[in-house]
Each structure stands twice: as structure tokens, then as C-alpha cells.
1. Take every Cα pair under 8 Å in the stretch 24-290 that's 6+ residues apart, average their separations, divide by the length, and report that relative contact order as a whole percent.
2. From the phi of every residue in the stretch 121-130, what ³J(HN,Hα) in whole Hz does the Karplus formula 6.51 cos²θ - 1.76 cosθ + 1.60 yield, where θ is phi - 60° and glycine or proline is x?
3. Could you give the length gained by full extension between Ser280 and Ala57, i.e. 0.36 nm per residue of separation minus their alpha carbon distance, to one decimal place?
4. I want the local charge near Asp185. Using Cβ-Cβ distances under 12 Å, sum +1 for each Lys or Arg and -1 for each Asp or Glu among the other residues.
5. Give me the net charge for the shell around Leu279: Cβ to Cβ below 13 angstrom, other residues only, Lys and Arg +1, Asp and Glu -1.
6. What distance in nm separates the two pseudo spin-label positions at Leu140 and Trp262, each 7 Å out from Cα along the beta-carbon direction?
7. How far apart, in nm, are two points set 7 Å out from the Cα along the Cα-to-Cβ line at Ser67 and at Glu195?
8. Please report the net charge: other residues with Cβ closer than 10 Å to the Cβ of Gly237, K and R +1, D and E -1.
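Nothing in this text is a laboratory measurement; each read-out follows from the coordinates by a stated rule. Computed from a predicted model, the values in this text were never measured in an experiment. All Cβ positions, glycine included, derive from the backbone under ideal geometry; neighbour counts span all protein chains shown.
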Amino acid sequence: MTTTVAVPDVPAAPSGRRGLAALLPSRSPKLVVGLSLAGVIILWAVIGPLLVGDPNAISTEAFRHPSAAHWLGTTQTGQDVWALLAYGTRGSLIIGFVVGLLATAASALFGVLGAYLGGFLDEAFALITNVALVIPGLPLVIIIGNYVPPSQRGILLISVVLAITSWAGSARVLRAVTLSLRGRDYVSASKVSGERTWRILVVEILPNLIPVMASQFVFAVIFAILGEAGLSFLGLGASNTITLGTILFNAYSALALTQGAWWWFVPPGLVIAAFGAALSLINFAIDEIINPRLRSQTRAARKAWGLSAAQISTLEKEDIK
């Protein structure tokens, strides 16, 4: 049985405009809004813990409403939710970016290297990828998390577990794109001129895969943050680290909803939703950059909105600047 993989339209990058450089000039509204929102949340995760007190400090001020003393109120043990949110955002983002890096590196190894070298290595890598694809991710994560003692469930372990279940799909896409790029004229010319294999991969192949890999990295970060929040909500997350998921789990365990303590569970939920929306907008913008068909659909949508040809032309010029 043959599986068909949709190959994104990745043309050969012109001289001076390869890889990441092709993304920088874009002024897509999705990209601007996504980068701005994600930048604010990342900045808060970096400097927030430096501006708040100890999130584990316990006091007698239980379930206090938001006030000047506690901007987001307190928990049932008197912990400051504002401090918890700062540390929880940092913890979740660390897990998200670690998983994104691990999953992207694994998908590049199994997808790009195997497809370019071909032969037995490609068949072995494709077999491993296919096996990883059919393994159900969520049950595997739950089983691994359930059998690991809570004291050992740190950021690194949760990140590795989530990365194991998120790289295979990206590897299939990268393999298909690499097989397409391998037959391009500029790659063949490099082979004929005697370029080494590693140099062809690094200089000719990888720069043209950067937009695709960036999109897959963003998707892996979204998956990791949502996956960690889900595991923590089930009590299987990083128990020795404060994350947005552990905040929600503790709020659920302490019946914050029935106590009316909305300030305990609403802010971390909003941060997860906002960061997920920001990364989704960035991912959509990258898809439009690497797939001209999406730009055609955007043009058709603008026509349906009743914009004039001059207005559409102006918007398209802004999109490609």
C-alpha cells in the first residue's frame, strides 16, 4: 500500500534570497501579529521571574481576590498567582522550545539525510519513521509518564517523551521535499563539480528546507505546550517544575472553580491560548510564504470581500515587501 505525501511547492531559492532570508521581508499581517504576541509572552517568560517573589512562598492569605498586594490573587495556600504565572510561563516555554528543537533535529536526521543518501539507509530511516507514525502518541506519553516516579519527572524527561511522539510526521514531509530537491539542476551541478556530500547538504539542500523546517518547529512547539498542559492536568507532568499545566492541575485539585477563584485558572489558560494563537498565525504566514497557492486563495478571498483591483494590488505589494 502506497502512501501519498503532499510535497510543498519549494522552488529553488534565487541567489541571495535563500532560506531564512526569504522570510524576513514579509509584512504579512498574520506574521506581524503572531511575532508581536509571541514576543510579548517570551519577554514576560524571560524577565517575569526576575520581577516577582518566590512562587512557593506560603501565607495565611488564602483565596484572596486580585489586589494591589497580589495582582492576580492567591491560591488556597496563599501562594501569589502572579508569581506562579511568571514561573509557569517560563517552564512551559522551555519545554515547548526544547521539544521543538529535538523534534526538528530528529525529523531532519531521518527525513533529510536518509532521502539524500538513499539506498539502505533511506529504507531503514523510512521504516523507523513509519513505525513511529503508527504508534499512538497520547497513550504512549501517558504510559511513560505513569511509570516514571513523580520525583524524576523533570523538564528534560517530559521534553524527550513529547519529542518522541512528534517528529515522525515532519520527517515524512522533509523526506518528500528532499527527494524533490535532490533532482534539481543546481544540486546535480554541485555533484558533477565534485562538491562533498556534507557541503551539498548544508549549502544547497538545507537552505531551501528552512521555511518548511521553521513551520514544523512552530507546530512542534504548539504541540509540546498543549501536550505538557494535558499531561500536567492528568497529574503526569513535570511535578518538580512550575508550568502552566501544573498551575491548572493544582487549581483543579483545590476546586478553584467551585470556590470562585477564577484568577487562579483563567490567566494560565489565557497565556496558553494566546501563545498557541500567536504560533498558529506565524505558521499560517510561513505556509503562505512557501506555498504560492495559498496566496492565490488569499487573492480570491479578497475579491470575495469586494475589494477593488487597486486595493488588492496594494495589499499584495505589502505582503511581499
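1. 28
2. 4, 5, 5, 5, 5, 5, 5, 4, 5, 5
3. Gain on extension, Ser280 to Ala57, equals 76.7 nm.
4. So the surrounding residues net to +2.
5. My count for the surroundings of Leu279 gives 0.
6. My value for the distance between the label points is 4.1 nm.
7. Rounded to a tenth, the inter-label distance reads 6.7 nm.
8. 0
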